[in-house]
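Since the structure comes first, as structure tokens, the remarks are kept for the end.
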Amino acid sequence: MGAGWSSDEERQPLLGPGLGPGPGAARRNREAAAVAVALPAAGPGPGRVYGRRWLVLLLFSLLAFAQGLVWNTWGPIQNSARQAYGFSSWDIALLVLWGPIGFLPCFAFMWLLDKRGLRVTVLLTSFLMVLGTGLRCIPISDLMLKRRLIHGGQMLNGLAGPTVMNAAPFLSTTWFSADERATATAIASMLSYLGGACAFLVGPLVVPAPNGTSPLLTAESSRAHIKDSIETVLYAEFGVVCLIFSATLAYFPPRPPLPPSVAAASQRLSYRRSFCRLLSNLRFLMIALAYAIPLGVFAGWSGVLDLILTPVHVSQVDAGWIGFWSIVGGCVVGIAMARFADFIRGMLKLILLLLFSGATLSSTWFTLTCLNSITHLPLTTVTLYASCILLGVFLNSSVPIFFELFVETVYPVPEGITCGVVTFLSNMFMGVLLFFLTFYHTELSWFNWCLPGSCLLSLLLILCFRESYDRLYLDVVVSV
């Protein structure tokens, strides 16, 4: 969308100069709405939706699912990967770090989304994933070279992150009406997290742990058995990504013939003006930090959940199940919350306050439970499951609500640019934490304390935030 969609003709505002963004936009929108009511319709206006929008959403969501699945391949099976490929602690951390490192060229992908549209950006993203998953499957007996190929594949998959994480609001605005946008954003953004959750399930179930192989096997045959199991997962992921790329190449239109809403048809700010607007908007910076800090901390924490739970004698399989259910619960609740936000508009801040109140309490519960020698709280499988799952539900379900609030706050800044900035900040926090983890991996209690601290800080920022709904106002008033 941005300043234009594809050609020079398409870059002209479909609503005319009265409804474009800029100083006094709200006043001009009200005046134009009054005029629009008084004048007869000259032809079909914005507001039509197409059934194919669900197919577009499905293809994008599957791509996001696969990207999250590939990114989190190694975290849940890190002990097995150490034995099969000789990975060190630094290697394991770097395999997770390729996710946030992939966001370094985030602004290039935002520019591509803004200037070339959704189809070109999604095709490039899926092609990078095909290359990345293919590199990991090259049969090489040299373990050093194999490790490098795996790192190269994870890096290419990380480069796909900016699109699958940032383009969900762009897609929902382009294809969906105002009363479906939050739901579409939730589905498109949550499927990436669901892919990461399935990695917690698939990895430990398919790949045996080093101490889970038969005692009759020798050390060499045990390593070979684990390696074969890992390669089965890698080949399966490569096949899934190739299938999604083929489907996207066959059919993924950049936009519908007619826009679904007034906001989708209106002109947006240019790339440079958008950054100036974002960096000068204190309200946006406040809510961006409220999103980036806790979600970045939680993403890094989830990526090494096995390491964190090892000192409290939780197995690799149990850690996988905890990670799986925490993310699945967050996806289900996030979509439900977004659907609720579509029905009852103007409640995004209240929803976030409730979610982060729960996140602060559940993260504090988990941290104190891990310190049971001091707090004397019961440390059982039930308490660990309950606290981790609740934490994941509250934090993950806040993502689509945040995305919608970002877009409403800084409209008419293009959706891809807005969400790109905040996800870039979130991945910066995640990368910094994982970097420190490589040096302080023997003592992880400090990592647990980062969770309640970041959630409490975010809760205070949201409480002080003054919400506005500029895009929704344009849709509701001008559509009347």
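Stretch residue 48-residue 464 to full length: gain in nm at 0.36 nm per residue minus the Cα-Cα span?
146.0 nm
Would you work out what percent of the accessible area of region 243-283, with all protein chains in place, is carbon or sulfur (probe 1.4 Å)?
67 percent
Sorting check: for 137-146, 344-353, which peptide has the highest mean count of neighbouring beta carbons within 10 Å, and how do the rest follow?
Descending packing order for the listed peptides: 344-353, 137-146.
In square angstrom, rounded to the nearest 10, how much accessible surface does residue 284 have for a 1.4 Å probe?
0 Å²
Rounded if a/c is under 1.5, else prolate if a/b beats b/c, else oblate: with a ≥ b ≥ c from the C-alpha gyration tensor eigenvalues square-rooted, which is region 149-216?
Since a/c reaches 1.5 but b/c is at least a/b, the shape of region 149-216 is classed as oblate.
Excluding residues fewer than 8 places away in the same chain, name every one of the lysines whose C-alpha is closer than 28 Å to that of residue 227.
146
Would region 113-232 count as rounded, prolate or oblate if I go by the C-alpha gyration tensor, calling it rounded below 1.5 in a/c and otherwise prolate when a/b exceeds b/c, oblate otherwise?
Oblate is the answer for region 113-232, as a/c is 1.5 or above yet b/c matches or exceeds a/b.
The values are calculated or read from the model by the stated rules, or taken from the named source; none is laboratory data. This structure is a prediction, so every number in the text was calculated from the model and none was measured. Counting neighbours? That spans all protein chains shown, and the Cβs are built from the backbone with ideal geometry, glycine included. Please note that ligands, DNA and RNA were not included when accessible areas were found on the heavy atoms of the full protein model with its side chains. Shrake-Rupley method; radii C 1.70, N 1.55, O 1.52, S 1.80 Å.
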